[in-house]
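J.: Once you've had a glance at the structure underneath, I'll fire off some questions.
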Amino acid sequence: MFPGEIHEQPIDFIQQLGTVFARFGADTQDSGNVSYGVDAGGQRYFVKTAGDPTAKPFLDFDERVALLRNAAYLAEHVRHPVLPAYHGLIESPGGPLLVYEWRDGEHLGTTRERREDPDTAFQRFRALPAEEILAALDQLYDLHAGLTEVGWVQGDFYDGALLYDFARRRLTVVDLDSYHFGAHRNDMGRMFGSTRFMAPEEFSLGAPIDDRTTAYVMARTALVLLSDGTLDPTAFRGTPAQYAVLQEATTTRYSTYSAFHEAWLGA
């Protein structure tokens, strides 16, 4: 259905494609990307673009384009139930367009000022029965087992990468643009990300970033969603064995993601 290349600007193609029912730009995120929900022929799609070439929030246009191409490469090689189906990349004079299936759900990420608001998706998710949160975490961890197996290392993962459909109890993972193919070194110092999730090496220039980092970040995710973001055992809503796995993952550390995941599954 989608061409490999177009000769018009992204927004012109998108408006011809179908009815735009949602737009995500600077009012919802600070990446500089602009994305659209489009209804075309009764099917709904999520179309992601690099946005305005003149805008430079944190990354310039060329850097945003590079990350979109990175996301496309990941989507071409990794399939998982929590990932939206990928329909391909369209080249255009205004940069690439990435086309995914549309997934209903609410972003779990919210602003710092609203994190304690019980009406946010973040707090409503945290208020779910522990078993439902654990089921979502199991899916998230299984996704990262698959990503790790083929060489991907997390980058800039936080709760804003999670959508949750409360009615269907369905988790969706999005925005993996900053994931890195292969282990690498921290060349930034303080890398992009939320301090609530980041591993120590993501603050240290020259430090190795590898699947140990992925394990740490995934463990922090459980502590944020299933606890109060700390290692206080009285706040944790899982089992003592699960707590022990998360404690080790964020203190003495597991040597690999697979070791962390195996321990979690056995807890």
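The values are calculated or read from the model by the stated rules, or taken from the named source; none is laboratory data. None of these values were measured; they are calculated from a predicted model. Positions of Cβ are generated from backbone atoms using ideal geometry, with glycine treated the same way; all protein chains shown enter the neighbour counts.
J.: Of the residues ASP104, ASP156, ASP117, which single one is assigned to a loop (DSSP other than H, G, I, E, B) and either among the small types (Gly, Ala, Ser) or closer than 30 Å to THR19 by Cβ (or both)?
T.: Result of the check over ASP104, ASP156, ASP117: ASP104.
J.: Looking only at the range 147-176, count how many residues are more than 23 Å from ARG112 (Cα to Cα) and touching a strand residue (DSSP E or B) at 6+ places or on another chain (Cβ under 9 Å).
T.: Within the range 147-176, residues that are more than 23 Å from ARG112 (Cα to Cα) and touching a strand residue (DSSP E or B) at 6+ places or on another chain (Cβ under 9 Å) number 6.
One line per residue, one yes/no per condition, for (1) in contact with a Pro (Cβ under 8 Å, 6 or more places away or on another chain); (2) under 19 Å from PHE157 (Cα atoms); (3) loosely packed, with under 13 Cβ neighbours inside 10 Å; (4) aromatic (Phe, Trp, Tyr):
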site: SER204; (1), (2), (3), (4): no, yes, no, no
site: ASP210; (1), (2), (3), (4): no, yes, no, no
site: ALA215; (1), (2), (3), (4): no, yes, no, no
site: THR221; (1), (2), (3), (4): no, yes, no, no
site: THR230; (1), (2), (3), (4): no, yes, yes, no
site: PRO233; (1), (2), (3), (4): yes, no, yes, no
site: ARG237; (1), (2), (3), (4): no, no, no, no
site: GLU248; (1), (2), (3), (4): no, no, no, no
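J.: Determine which member of the set GLU262, GLU248, GLU202 is in a helix (DSSP H, G or I), free of Cβ contacts under 8 Å to residues at least 12 places away in the same chain and either assigned by TED's automatic domain parsing to the domain that holds SER178 or under 21 Å from GLU149 (Cα atoms) (or both).
T.: One residue alone meets the criteria, GLU262.
J.: Let me ask another. Tell me, which residue of the range 93-129 that is of a type in the set (Ser, Thr, Tyr) and surrounded by fewer than 19 Cβ atoms within 10 Å (Cβ to Cβ) is nearest to the chain's Cα centre (by Cα)?
T.: Among those that are of a type in the set (Ser, Thr, Tyr) and surrounded by fewer than 19 Cβ atoms within 10 Å (Cβ to Cβ), it is THR110.
Here's the yes/no breakdown for (1) more than 25 Å from ILE11 (Cβ to Cβ); (2) touching a residue at least 24 places away in the same chain (Cβ under 8 Å):
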site	(1), (2)
PRO57	no, yes
ARG69	no, yes
ARG79	yes, no
ASP104	no, yes
HIS107	no, yes
ARG115	yes, no
ASP119	yes, no
GLU131	yes, no
TYR141	yes, yes
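J.: Which condition number in (1) under 30 Å from THR148 (Cα atoms); (2) at pLDDT below 95; (3) not small (Gly, Ala, Ser) is the one that ASN70 fails?
T.: If we test ASN70 against (1) under 30 Å from THR148 (Cα atoms); (2) at pLDDT below 95; (3) not small (Gly, Ala, Ser), just (2) comes out false.
J.: Among what's in the range 163-177 and is of a type outside the set (A, V, I, L, M) and crowded, with 18+ Cβ neighbours inside 10 Å, pick the residue that is farthest from GLN139 (Cα to Cα).
T.: For the range 163-177, the residue satisfying everything is ASP177.
J.: If you don't mind, there's one more thing I want to ask. Residues to consider are LEU143, LEU176, LEU128, LEU137; find the one that is in contact with a helix residue (DSSP H, G or I) (Cβ under 9 Å, 6 or more places away or on another chain) and outside any loop (DSSP other than H, G, I, E, B).
T.: LEU137
J.: In the range 186-199, which residues are surrounded by 13 or more Cβ atoms within 10 Å (Cβ to Cβ) and either of a type in the set (Ser, Thr, Tyr) or in contact with a strand residue (DSSP E or B) (Cβ under 7 Å, 6 or more places away or on another chain) (or both)?
T.: ASN186, SER194
J.: OK, next. Is it the case that the range 145-157 has a residue that's farther than 17 Å from THR221 by Cα, of a type in the set (Asp, Glu) and surrounded by fewer than 17 Cβ atoms within 10 Å (Cβ to Cβ)?
T.: Yes, the range 145-157 has at least one match.
J.: A follow-up question, please. Taking the range 171-210, which residues are of a type in the set (D, E, K, R) and under 15 Å from the mean Cα position of the chain (by Cα)?
T.: ASP175, ASP177, ARG196
J.: Same structure, new question: Determine if the range 74-86 includes at least one residue that is buried (at least 16 other Cβ atoms within 10 Å of the Cβ) and under 26 Å from ARG190 (Cβ atoms).
T.: Yes, the range 74-86 has at least one match.
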